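Heads up, the thing below is written out as structure tokens.
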Amino acid sequence: MPHPFHWQPGDGLRHATLQSRPRGGFTDETRVNTLCGTSIKVDDSEHAWLWNTCRECNKVAHVLAGIQ
Ligand SMILES: [Zn+2]
């Protein structure tokens, strides 16, 4: 079963979101709500995917994935 969330960089960190990703991905500047309870402005540039993972999103993502 696929996980209900996916990773999305924005505002300087890689966050995870439950919002369904449109075909081709979110366009830059779109706001998405993240698992850590904030909303980020999407940055889909290549360097954005190298940002650090948001600790809070990582924690929630592990719970959702059934991994503690
Ligand atoms: Zn986050």
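The values are calculated or read from the model by the stated rules, or taken from the named source; none is laboratory data. No experiment lies behind these values; they were computed from the predicted model shown. Note: ideal-geometry Cβ built from the backbone for every residue, glycine included; neighbour counts use all protein chains shown.
Could you list, in sequence order, all residues of segment 31-58 that are within 15 Å of Arg21 (Cβ to Cβ) and either more than 10 Å from the ligand (Cβ to nearest atom) or among the polar types (S, T, N, Q) (or both)?
Arg31, Val32, Asn33, Thr34, Val42, Asp43, Asp44, Ala48, Trp49
Is there any pair linking a residue in segment 40-68 that is at pLDDT 95 or above to one that is β-branched (Val, Ile, Thr) and surrounded by 12 or more Cβ atoms within 10 Å (Cβ to Cβ), with Cβ under 8 Å and at least six apart or on different chains, and which?
Going by the 8 Å Cβ cut-off, the qualifying pairs are Ile40/Val32; Ile40/Thr34; Lys41/Thr30; Val42/Thr30; Val42/Val32; Cys54/Thr34; Cys57/Thr34.
Only one of these conditions is not met by Gly66: (1) at negative phi; (2) more than 15 Å from the ligand (Cβ to nearest atom). Which number is it?
Going through the list (1) at negative phi; (2) more than 15 Å from the ligand (Cβ to nearest atom), Gly66 breaks only (1).
Run down Ala61, Ala16 and say which single residue is buried (at least 18 other Cβ atoms within 10 Å of the Cβ), assigned to a helix (DSSP H, G or I) and near the ligand (Cβ under 10 Å from one of its atoms).
The match here is Ala61.
Look through segment 18-36, keep the residues that are of a type in the set (S, T, N, Q) and farther than 16 Å from Pro2 by Cβ, and return whichever of them is nearest to the chain's Cα centre (by Cα).
So the residue we want is Thr34.
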